[in-house]
């Protein structure tokens, strides 16, 4: 029995991959949906900050004096910030950071250190950048994954529906969901 050359498999075929990475589909289908959906979320967030009073409930953490950074850094973002800055900690009888996965805060801390960040705001900004870059990678691979079975129009709709879904704001916040979505879609795409 002979082993077929790697070029017979789609994912290893240089010409197949070259055709998939033809850039016009990115600028025509993905980039406008990504940009306008994120701008829409920023607009809604700014309007909410301007019109709604800030909650004094102790569970709603405010990590930054910068309202733009603080808008994307709520709830569990404090745990990821703490892990990225100081590592994990466990104290019996009180809330601890040990139940949060390590990949997101490790990359968040690395991005911050690459750009010579030192403050909480720098670390949170690194988390926002990481989440949005991960979201962009996720929608690129979602588009490519759907395109394996359907046409460009359906692939573009799939990415658009992901981007305009109301809970998509968590994919731009300091949460690991966009990173895990990107890694999952990359795995599914390569498994095909």
Quiz item: Fewest to most neighbouring Cβ within 10 Å: what's the order for 72, 25?
Solution: 25, 72
Quiz item: For the residues 104, 90, what sequence is obtained by ranking on other C-beta atoms within 10 Å, fewest first?
Solution: 90, 104
Practice problem: Give me 174, 146, 44 ranked fewest to most by other Cβ atoms within 10 Å of their Cβ, as a rough exposure proxy. | Solution: 44, 146, 174
Quiz item: What whole number of Å gives the distance from the Cα centroid of region 125-161 to the Cα centroid of region 26-41?
Solution: 10
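Provide the FRET efficiency to the nearest 0.05 for the residue 186-residue 119 pair, computing r from the beta carbons and using R0 = 22 Å.
Result of the calculation: an efficiency of 0.10.
Read-outs throughout are calculated quantities, based only on the coordinates presented, and are distinct from any laboratory measurement. As the structure is a computational prediction, the values presented were derived from the model and not from experiment. Don't worry about glycine lacking a Cβ; one is built from the backbone with ideal geometry, like all the others, and counts go over all protein chains shown.
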